[in-house]
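To keep things clear, I will list the structure first and then write my remarks on it.
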Amino acid sequence: MTEPPTMSREEVLRIKMGLLQREHRDLDEAIEALHKDGKVDQLTLRRLKKRKLMLKDQMTKLTDEIEPDIIA
């Protein structure tokens with residue numbers, strides 16, 4: 001029997017990065033839609049912005065793992 005193909009760690013990290021980026025964009029659109037609607041719920045807005053910031057931090061960490069900063 002042949003073994004199923006496996007992904008490298010870098011491939012897994014890149015897929016995860018894509019998912020985080022998509023969610024980050026979705027939150028950006030949701031925040032903008034709240035502003036356009038004119039009925040801004042400050043608590044919801046704060047939660048969305050906090051989640052967006054957490055995603056940005058996770059993306060930064062993943063970027064560091066994918067492309068380590070090598071000191072020559």
Identify the residue in the range 10-41 that is surrounded by 10 or more Cβ atoms within 10 Å (Cβ to Cβ) and basic (Lys, Arg) and, among all such residues, is nearest to residue 67 (Cα to Cα). 14
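Go through the range 34-72 and give me each residue that's aliphatic (A, V, I, L, M) and either under 19 Å from the mean Cα position of the chain (by Cα) or under 29 Å from residue 10 (Cα atoms) (or both).
Applying the first criterion (aliphatic (A, V, I, L, M)) to the range 34-72 yields 34, 40, 43, 45, 48, 53-55, 59, 62, 66, 70-72.
Correct list: 45, 48, 53, 54, 55, 59, 62, 66, 70, 71, 72.
Has the range 14-34 got any residue that is part of a helix (DSSP H, G or I), of a type in the set (D, E, K, R) and in contact (Cβ under 8 Å) with a residue 40 or more places away in the chain? Walk me through it before giving the result.
First, the residues of the range 14-34 that are part of a helix (DSSP H, G or I): 14-34.
This time we only want the ones that are of a type in the set (D, E, K, R), so: 14, 16, 22-23, 25-26, 28-29, 32.
Within this subset, residues satisfying the condition of being in contact (Cβ under 8 Å) with a residue 40 or more places away in the chain are 14, 16.
Yes, some residue in the range 14-34 is part of a helix (DSSP H, G or I), of a type in the set (D, E, K, R) and in contact (Cβ under 8 Å) with a residue 40 or more places away in the chain.
How many residues, within the range 48-71, are more than 18 Å from residue 26 (Cβ to Cβ) and either hydroxyl-bearing (Ser, Thr, Tyr) or touching a His at 6+ places or on another chain (Cβ under 6 Å) (or both)? Give the steps one after another, and end with the answer.
Filtering the range 48-71 for residues more than 18 Å from residue 26 (Cβ to Cβ) gives 60-61, 63-71.
So of that shortlist, the ones also either hydroxyl-bearing (Ser, Thr, Tyr) or touching a His at 6+ places or on another chain (Cβ under 6 Å) (or both) come out as 60, 63.
Within the range 48-71, residues that are more than 18 Å from residue 26 (Cβ to Cβ) and either hydroxyl-bearing (Ser, Thr, Tyr) or touching a His at 6+ places or on another chain (Cβ under 6 Å) (or both) number 2.
Where a number appears in this text, it was derived from the coordinates with a stated rule and is not lab data. No experiment lies behind these values; they were computed from the predicted model shown. Glycine also receives a Cβ, built like all others from the backbone with ideal geometry; neighbour counts cover every protein chain displayed.
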